[in-house]
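Participant: Dropping the structure in here first, questions after.
Since every read-out is calculated from the coordinates, none of them should be taken as a lab result. Just so it is clear, the structure is predicted and the values come from calculations on it, not from any experiment. Cβ: placed from backbone, ideal geometry, glycine included. Neighbour counts: every protein chain shown.
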Amino acid sequence: MGLLLSLLGCASTAKIVKPFVDPQYGMTKLEMIDLIGTPETIEIYKKSDQTRVEFYIYLRKYQSSQDKVPVCLINNKVVGWGKSFYEDHVSPDDTRIK
């Protein structure tokens, strides 16, 4: 019985990886995480106008490679995703919070 409980304890801390699915514009953070899963990393920036921009970085896996796909949220809503969107919305003047 103790072995079964320890195995269940390990299973509950394992990260669930879902296949990457494009989010929808306007989704909330919780809806996005429910659809795609937990991100690999999170980057948060503060713009010069004090806007907080959050990027949730996911891995899109292929047979022999993988891509990082950043999903951008402003005011807790999805506003865009992809490498070019990230490059267009992060500048050297931004303050990285996380």
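Participant: What nm value, rounded to one decimal, do you get for the distance between K68 and D94 when each label is placed 7 Å out toward the C-beta?
Facilitator: 1.2 nm
Participant: Sort 84-96, 27-39 for me by packing, meaning the mean count of neighbouring Cβ atoms within 10 Å per residue, highest on top.
Facilitator: Top to bottom by mean Cβ count within 10 Å: 27-39, 84-96.
Participant: Using mean Cβ contacts within 10 Å as the protection proxy, how do 48-57, 71-80 order, highest first?
Facilitator: 71-80, 48-57
Participant: Which whole-Hz ³J(HN,Hα) couplings does the range 49-57 yield from phi under the Karplus relation 6.51 cos²θ - 1.76 cosθ + 1.60, θ = phi - 60°, glycine and proline marked x?
Facilitator: 8, 6, 5, 9, 10, 10, 10, 9, 9
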